[in-house]
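First the structure, in the form of structure tokens, and then the observations on it.
What follows is calculated from the coordinates using simple rules that are stated; it is not laboratory data. Worth saying up front: this structure is predicted, and the values here are computed from it rather than measured. Here Cβ is always computed from backbone atoms with ideal geometry, including for glycine, and neighbour counts include all displayed protein chains.
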Amino acid sequence: MDKQDHVSTSSPRHQQIGVSRPPLAVEDLPTPEEAFRVRHIGFEQWVALILGPSLIVLGASVGGGEWLSGPLSVAKYGFLGIGWVILVSTILQVFYNVELARFTLATGETPVVAFGRIPPGYFLWVPLALLFVYLAFILGEWTMQAGGSLFTLVNNRPYEAQEVEIVRILGIALMLSVFLFVSVGRKIMRTLEGVMGVLLAFVLIGILLITLVVVPLNYWGSSLASLFIPTLPPSGADLSVLGSLAGYTALAAGLNFMFIGYYRDKGYGMGTRMGFLGGLLGRRPTSLDAVGKIFPESEKNTRTWKRWFRILVVDQWVIYFIGALVGMVVPSILVAYLAQTPGNAQPTSASMIAYAATNLGSQYGPVVSGWMSIVGFMVLYSTLVVILEVLVRNMTDALFAYSRRVREWCRNDTRRFYFPFMLVVILLIGILIHLPLSGNLTEISANMANLAAIFFPLGMIYLNRHLPRPARITWWSYLVLILNVLFFGFFFVNFVVVQLTGAPLVRF
């Protein structure tokens, strides 16, 4: 074999990127066959072994935004002038996801760790990244939504004000169920893949079948066409509501970095060499390397990188993009159609959890109503599963990378921190959902995602331009990352202006 296909003795053993982090060790990039321990990568291996991180992400994506906020906005204002916001938000987030994952594939470091390499250093960007994630989700509205959907499923009706404590208890019980099932298995990521695969298949097929049966084709046609018609939102549209829609479409705008660790744990690229978060009942301790690795430039590594990047693109554009778009558009079509059907009440934020099930039940009977209640519960439970897990995951990643004391206290076994901390998060959320919090929590959460989009896409420009040339950011990636900042940043600025003045930046 040629010398250029290996790290030669004269090649540097470490490479520095950014500040306040140790240099990255230089090693050859493993091939997909090495990572997944197969001789050949064919269609069967793609389906069974390679694709999967996006399935977990879709579990959170097809949730509060796609099932609640999106359909409510479309039912209120119609698709025209709203549809293109959905499409643009989804496209921009896929490009952003790819750039986030680019660095993780090339180095094995997850974004919450890699952000510490951005000047002035980890003491600013790592706490800020965690703060944004926790501010967006720690108040636990997603817990209440899942608990409310379970109440509706069991009682065949929405809960009333005096029954809110039952919903809180159900939400806490659902969080504890997550603790139980991520405990089993060797890799938490593999467990989540299996659970999310079943839930998402049921949810997406279930929603699609009912909507195809109930909604006329001409309504489908006009709704889908609106995705490609760039026009102003309809008169009276609330820009703050559109900001929430943009922030929650597809995933969570600038906060999408919190899910990229699944690519490391799956074994994509240099993630193969970094370790993973393991289940509590696994036989062996599971550890994470504190510092990532990077590959030297060579013909072999260039070829291997192109293969990995192709896998990433397929996972994001084929699985995630299509799934997120279906997850947002199809429920919106169904709810908007039901809202204009004579005799049906208009949906509200309070009624959205059970709106589709209630109105379909009045027209088509209890079987259809029950089916939609099951679908709704699975949608919101999958959101709860993934959000709880990433809250714990990102804190674990950050502390294992930056705190030698934590690694020593845990004896380099991530499980010694991950699982006790998950119980702490469950307890904290259980307390917070009992507090009399005011304000629109969905709007606050979505705008934390929009705020993050002002900072972290620019951070990825800095990080990815320092990668080896085969993996380095391209000119059009600069463009789409800046568009992320402008698009989502506009909605956050409007949110701030509304809070300060009571008036939006633009009226329609």
Based on C-alpha coordinates, I'd like the Rg and Dmax of segment 303-393, in Å. 18.1, 61
Taking the Cα-to-Cβ direction at Ala345 and at Val19 and moving 7 Å from each Cα, how far apart do the two end points lie in nm? 5.7
Round to a whole angstrom and tell me the spacing of the C-alpha centers of segment 357-406 and segment 225-254. 23
For the pair Leu423 and Glu165, the simple spin-label estimate (label points 7 Å beyond Cα toward Cβ) gives in nm 2.6
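With the alpha-carbon atoms as the only input, what is the per residue convex hull volume for the chain in Å³? Each step should come with its number before you reach the end.
Details: hull volume 77.8 nm³, N = 508.
In the chain, the Cα hull volume divided by residue count equals 153 Å³.
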C-alpha long axis of helix 415-432 to longest principal axis of the chain, angle in °: 30
